[in-house]
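The values are calculated or read from the model by the stated rules, or taken from the named source; none is laboratory data. Keep in mind the model is a prediction, meaning the values are calculated, not measured. Neighbour counts are summed over all protein chains in view; Cβ atoms, including those assigned to glycine, are modelled from backbone coordinates with ideal geometry.
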Amino acid sequence: MSREEIDPGQSRLQAVAFDVIPRRRHIHLFRLGKHWAFKHFFDDREAFRDLADFYNEDKYRFEFKTFGERNKALKVLERAGFDYELVEDLHGYVVKMDRFSKYAPVLKNSVAYMETPKARIFLLKDRSAVEEAQRMGAELYAGDYGSLVFR
């Protein structure tokens, strides 16, 4: 006699509970000249409080002027459940748009930007922000990266 014959309700598969490792969020810290910077909105008030001294309200980003400050921030990020990447080579994170195009959505995801007479150039916080900017008409920057001066 099969199990279905004994109790038809028992033949269904039951979900087995197992532990799932929570997905860690990822932050890119960019080297901008002599300092490091990143952009992120923290849901976790404690993590933001621990980094608040490094928040630049004018540029809407966190900035670290010394390696000690940067390393302190990395420890805070690790405790708050973030993975991080230190980025010194900006290739692939920089896009440009015509100076007179609508750029507010791209600016929202930028860590830094600069203007030239013909274009706005943005350093974006991650690759998905680059892809989103490209869908809005931005192009990957193909100029001389050595000449970029993000502040």
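Residue under question is D50, and the condition is that it be in the same structural domain as K118 (by TED's automatic domain parsing), out of contact with any His (no Cβ under 7 Å at 6 or more places or on another chain) and surrounded by 12 or more Cβ atoms within 10 Å (Cβ to Cβ); does it hold?
no
When F122 is tested against the conditions (1) in a helix (DSSP H, G or I); (2) within 14 Å of R151 (Cα to Cα), the lone failure is (1).
Test F64 against the criterion of being surrounded by 13 or more Cβ atoms within 10 Å (Cβ to Cβ) and in contact with a helix residue (DSSP H, G or I) (Cβ under 7 Å, 6 or more places away or on another chain), and give yes or no.
So F64 passes the test.
Checking K72, K96 one by one, the residue that is part of a strand (DSSP E or B) and without any contact (Cβ under 8 Å) to a residue 60 or more places away in the chain is K96 and no other. Somewhere in the stretch 130-142, is a residue of a type in the set (D, E, K, R) and either touching a Phe, Trp or Tyr at 6+ places or on another chain (Cβ under 9 Å) or in the same structural domain as H35 (by TED's automatic domain parsing) (or both)? No: the stretch 130-142 contains no residue that is of a type in the set (D, E, K, R) and either touching a Phe, Trp or Tyr at 6+ places or on another chain (Cβ under 9 Å) or in the same structural domain as H35 (by TED's automatic domain parsing) (or both). When the stretch 125-141 is filtered for residues that are hydrophobic (A, V, I, L, M, F, W, C), surrounded by fewer than 21 Cβ atoms within 10 Å (Cβ to Cβ) and part of a loop (DSSP other than H, G, I, E, B), only M136 remains. What do you reckon, is E63 of a type in the set (D, E, K, R), at pLDDT 95 or above and not assigned by TED's automatic domain parsing to the domain that holds Y113? Criteria met by E63. Taking the criterion of being among the polar types (S, T, N, Q) and in contact with a Gly (Cβ under 9 Å, 6 or more places away or on another chain), the only residue of the stretch 82-119 that qualifies is S101.
Scanning the stretch 94-107 for residues that are of a type in the set (K, R) and at pLDDT 95 or above yields a count of 1.
The conditions are (1) exposed (fewer than 12 other Cβ atoms within 10 Å of the Cβ); (2) in a loop (DSSP other than H, G, I, E, B), and G146 fails exactly one of them. Which is it? Looking at each condition in turn, G146 falls short on (2).
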